[in-house]
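Here's the structure, in structure tokens; my notes come after.
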Amino acid sequence: MAALLEMRGMVKTYGSLRANDGVDLDVFAGEIVGLLGENGSGKSTLMKLLFGMTEPDAGGIVFKGRELSGHRPREAMAAGIVMIHQHFMLVEAMTVLENIMLGWEEAGKLLRRGTIADRIREASERLGLDLDPDVRVADLPLGRRQRIEILKAVLRDADLLILDEPTSNLAPSEINELLNILRRLRSEGKGIVFITHKMPEVIEVCDRVVVLRAGKVAGKAGIAGADKASLAAMMVGRDVTAPLSVEPKAAGAVRLDIRALKAQDLGPLDLRLRGGEILGIAGVDGNGQLELAETLAGLRPVESGAITLDGAEITHATAARRTEAGLAYMPADRSTTALVKSMTIAENLMLRDSHRQPFSKGGLLDREATRKEARSLMERFDIRAPSEQTLAGSLSGGNQQKIVIARELARQPAVLVAHQPTWGLDPGATRFVLERMIALRDAGSAVIYISSELEEVLAVGDRIAVLAGGRIAGLVSRAEVDMTRIGLWMSERAA
Amino acid sequence: MNKPANTGAVQLSRLPFTFARDHVIWRIGFALAMSLLSAAILILLSGKNPLEAFWAMLAGAFGSPHQIGVALNRTSPYLFAGAGLALCFRAGVINMGSDGQIAMGGVGACAAVLFWPGEAGLLASIAALLAAAICGGLWAGVATAIHLGRRVHEVLATLLLNFVALLLVQLLLSGALGQPGAGFLQSPLMPRGVWLPRVPQFDFHIGVLIAAGLAAIISFVLWRTPLGFAIRVAGKSRRAAAYAGLSAPGITWRVMLISGAMAGLGGGTEILGLHHRLIEGFSSGFGFKAVTVALLGALEPAVTIPGALFVGFLEAGAQAMQRQIGVPSSLVTVIEAITMLFILAATVRRT
């Protein structure tokens, strides 16, 4: 059987960077191919070449037996290739039906609204999408919105679906449903490329895996026999799944004391952190994680209770005063809270300290000292970028997060609140973040590590608390972790 | 208010646009060529010779030192208000109340001169300018208090106060500040001693020079001080600003007061340098020209200097064209507007 898509020897260079260096990719009808690779390994470039968004230096593409070259994205789509992006291209104020009709030429000419609505219902039923054509997109949860994009592709008779990091915005239950939908699409004979760096999903749903590293195919594997460790090693070129060395430290004095803390959708809760420990907070997203993080950071009002940091009360202190007192915060929302993407690395490094040494002197910004400090932080925290004047938004997720880490850790905080700090990061960058958290702990700080990735919480937390319905459902030390009990706590809801 | 990180689109910036900075000279050149072409067609349609009209326009703007002086006087209030607005917009605070703030600046200057106890001289001039800045700032402060205190959108609060300011000027001119028996709503002529000095030969008052100096200072504040940094962060992401510990109300107060004071100075210098008395409606439409100037300057306070000069010279030339060739005055307004539209279309981008 001939392949649905054949990409042969794709080469693309940007300046001195060989983004794709002789990459081959085959996709057959009725299979799911996982495309794995760290940020910057050449996945996006390969897809841009496929869609004709950029010209290859060498190589050829054959789709459904026809040569595709010198094509534009429109032609790729017309031929039957659809890309489902991480950020959906939907008009929130319009209904599902209207979004599907949008930009679909045949729909306007040949089909009536009623006919399309019927087709939506039929396809939605068949694939288990659970979409009502007359619901406004704004009223749908994210997982459901993604299915509109899938439905669009199906109704337009696409043969090849490319999903770019499709699970990064989804809740665990939504991920399962998505994987089921993909299986049904596969059984209908669609070819699917699943771009991701989440290993468990790959192993669960893909038939084959192609791993890219530094612009080359680092490995291909059938899924049978592949395991997380070998795939991760292929991606990164070294083993990043080895257990972290987290010898428990003798915990020091109490650094953060939270008593009967209550805020909107949060608490009341009590927590006490000692220097030299990491408190991992697990739980299903939306159970008070954001509320806890932002209340501690001073971004949400406290209704009652008290927060004490190193003996000083900061219950109602402003965010700026908490920073002075030694509280560092890594928000989950990297792109609009933790960073200003359209500002430079140097400006982002001084974001919370612009009025202090070394960034300011005598009431004026000290540009020379800022540059020097930025270069030294980039060196210390391994931020890879052409210069300190590079815009933060142009960096990979891992390097963006390193800016946040550099800024928050350079202050040598007493307490760090880290919320989903590895979100969207590849295994190499995730490892870096976890190691920094542990190093901070070993230096005597207290860390609150909030994540919905249970595995990470268990890997770094000296004690593990579970947040459910805005309250602490349970708290154990690592030695006493019992997965069944944690599972029970996670499913608990505040009465 | 605070959405979790993963609920889709978030507002990155409070301003719905950015500026295209690549090939900006070519873009502007092209925009100017297109507006000349459109103007030529409109002038032809009105039965006049476009070449003659353009010549008259050039002569009107640059023909003599006096004409240049006229254009520079026009530039002055636009530059004052426009440079202040550039700072405001940078912080993502949309102040649409320059008209009223300019008018209140005029009131402040006029009242200070009329009630000045001492001799009309340099000291009185300086006091009048200070009063202009304070009144303009206060008027912006009223809008800010309404905006922050009652959560009224700043566009509404500033815009509606324009009308209040204009009526207030009328009220004052028919009472405490008015010239009895003048037949117009205007104040008495100010003594010569308080008039702003003029630059010899070109005969423009020094307002435009003060404005340029202040625009440069504002630019310095924006780029070289922690306050300027806070303003830039707040304009790009309110969430990042809150996270950084920067107070949004504090930033809003500062940029509103600064831009109000700048607009007030624009009104004050117009009174002290050009009219030498407060006249009803002297600032009508200035505020919106100031918005254009801020945009032409790409919200870069120092770049509003060429932006304001462009508008000032364009207006002076267009007026001359109207006088000499007899092009209808409405057509002149249309040509001015088309030119600004082309330039903005060439530089402003939706985000």
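The values are calculated or read from the model by the stated rules, or taken from the named source; none is laboratory data. What you see is a predicted model, and the numbers here were worked out from it, not measured in a lab. In this analysis, Cβ positions are derived from the backbone assuming ideal geometry, glycine residues included, and neighbour counts consider all displayed protein chains.
Odds and ends about this structure:
- Evaluating B:A248 against the criteria (1) of a type in the set (A, V, I, L, M); (2) touching a residue at least 24 places away in the same chain (Cβ under 8 Å); (3) under 20 Å from B:G137 (Cα atoms) leaves one unmet condition, (2).
- Of all residues in region B:211-227, those that are more than 10 Å from every other protein chain (Cβ to nearest Cβ) have Cβ atoms under 6 Å from Cβ atoms of residues that are assigned to a helix (DSSP H, G or I) and of a type in the set (S, T, Y), 6 or more apart or on another chain, in B:A211/B:S76; B:A215/B:T304.
- Residue within region B:299-307 that is within 14 Å of the chain's Cα centre (by Cα), small (G, A, S), at pLDDT below 95 and within 17 Å of B:L72 (Cβ to Cβ) present: yes
- Counting only helices (runs of 4 or more DSSP H) that fall entirely inside region A:172-282 and contain at least 3 residues that are at pLDDT 90 or above and out of contact with any strand residue (DSSP E or B) (no Cβ under 7 Å at 6 or more places or on another chain), the qualifying elements are A:172-187.
- When the residues of region A:327-347 are filtered to those that are of a type in the set (S, T, N, Q) and facing chain B (nearest Cβ under 9 Å), the one that is surrounded by the fewest Cβ atoms within 10 Å (Cβ to Cβ) is A:S342.
- Candidates A:I81, A:I120 - the one that is surrounded by 18 or more Cβ atoms within 10 Å (Cβ to Cβ) and over 26 Å from the mean Cα position of the chain (by Cα): A:I120
- Yes/no for B:P249 being surrounded by fewer than 17 Cβ atoms within 10 Å (Cβ to Cβ), more than 16 Å from B:G268 (Cβ to Cβ) and in contact with a Lys or Arg (Cβ under 7 Å, 6 or more places away or on another chain): no
- Evaluation of A:E373 against (1) surrounded by 17 or more Cβ atoms within 10 Å (Cβ to Cβ); (2) of a type outside the set (S, T, N, Q); (3) within 11 Å of chain B (Cβ to nearest Cβ) (one fails), failing number: (3)
- Selection of region B:91-113 for residues being among the aliphatic types (A, V, I, L, M) and assigned to a helix (DSSP H, G or I) yields B:I102, B:A103, B:M104, B:V107, B:A109, B:A111, B:A112, B:V113.
- Looking only at residues in region A:153-179 that are away from every other protein chain (no Cβ under 14 Å) and closer than 26 Å to A:Q420 by Cα, the one that is surrounded by the fewest Cβ atoms within 10 Å (Cβ to Cβ) is A:S173.
- Residues of region B:242-275 that turn out to be more than 9 Å from chain A (Cβ to nearest Cβ), of a type in the set (S, T, Y) and under 28 Å from A:P331 (Cα atoms), as a count: 1
- Strands (runs of 3 or more DSSP E) contained entirely in region A:373-480, each with at least 2 residues that are free of Cβ contacts under 8 Å to residues at least 24 places away in the same chain: A:471-477
- The sole residue among A:E324, A:E291 that is within 11 Å of chain B (Cβ to nearest Cβ), within 18 Å of A:V415 (Cβ to Cβ), of a type in the set (D, E, K, R) and touching a strand residue (DSSP E or B) at 6+ places or on another chain (Cβ under 8 Å) is A:E291.
- Failed item in (1) touching a residue at least 40 places away in the same chain (Cβ under 8 Å); (2) surrounded by fewer than 20 Cβ atoms within 10 Å (Cβ to Cβ); (3) within 14 Å of chain B (Cβ to nearest Cβ), with A:L364 passing the rest: (1)
- Any hit, region A:411-422, residues being touching a helix residue (DSSP H, G or I) at 6+ places or on another chain (Cβ under 7 Å), modelled with pLDDT under 90 and buried (at least 20 other Cβ atoms within 10 Å of the Cβ): yes
- For B:G178, the criteria (1) closer than 30 Å to A:M350 by Cβ; (2) surrounded by 16 or more Cβ atoms within 10 Å (Cβ to Cβ); (3) more than 14 Å from chain A (Cβ to nearest Cβ) hold in every case but one, which is (1).
- Flag if A:S354 is facing chain B (nearest Cβ under 7 Å) and in contact with a strand residue (DSSP E or B) (Cβ under 7 Å, 6 or more places away or on another chain): yes
- Taking region A:428-450 as the range and being more than 27 Å from A:G311 (Cα to Cα) and not hydrophobic (A, V, I, L, M, F, W, C) as the test, the residues that pass are A:G428, A:T430, A:R431, A:E435.
- Matching residues in region A:122-152 - criterion: being more than 14 Å from every other protein chain (Cβ to nearest Cβ) and in a helix (DSSP H, G or I): A:E122, A:A123, A:S124, A:E125, A:R126, A:L127, A:R147, A:I150, A:L151, A:K152
- Identity of the residue in region A:301-321, within 14 Å of another protein chain (Cβ to nearest Cβ), surrounded by fewer than 19 Cβ atoms within 10 Å (Cβ to Cβ) and small (G, A, S), that ends up farthest from the chain's Cα centre (by Cα): A:A317
- Note on region B:291-340: residues that are among the aliphatic types (A, V, I, L, M) and more than 30 Å from B:F220 (Cβ to Cβ) total 11.
- Between B:R198, B:R239, the distinction of being within 14 Å of chain A (Cβ to nearest Cβ) and either at pLDDT below 95 or within 30 Å of B:P65 (Cβ to Cβ) (or both) belongs to B:R239 only.
- Among residues of region A:59-72 that are free of Cβ contacts under 8 Å to residues at least 40 places away in the same chain, those with a Cβ under 7 angstrom from a residue that is assigned to a loop (DSSP other than H, G, I, E, B), sequence gap 6+ or separate chain, pair up as A:H71/A:G52; A:R72/A:G52.
Listed here are the residues, each with its yes/no results for (1) within 25 Å of B:L278 (Cα to Cα); (2) assigned to a loop (DSSP other than H, G, I, E, B).
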{"position": "B:L196", "(1), (2)": "yes, yes"}
{"position": "B:Q201", "(1), (2)": "no, yes"}
{"position": "B:V208", "(1), (2)": "yes, no"}
{"position": "B:L214", "(1), (2)": "yes, no"}
{"position": "B:I218", "(1), (2)": "no, no"}
{"position": "B:L222", "(1), (2)": "no, no"}
{"position": "B:F229", "(1), (2)": "no, no"}
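- Only one entry of B:V332, B:V327 meets the criterion of being more than 17 Å from B:N95 (Cβ to Cβ) and assigned to a loop (DSSP other than H, G, I, E, B), and that entry is B:V327.
- Test: residue in region A:284-293 that is more than 28 Å from A:R352 (Cβ to Cβ), modelled with pLDDT under 90 and crowded, with 16+ Cβ neighbours inside 10 Å: yes
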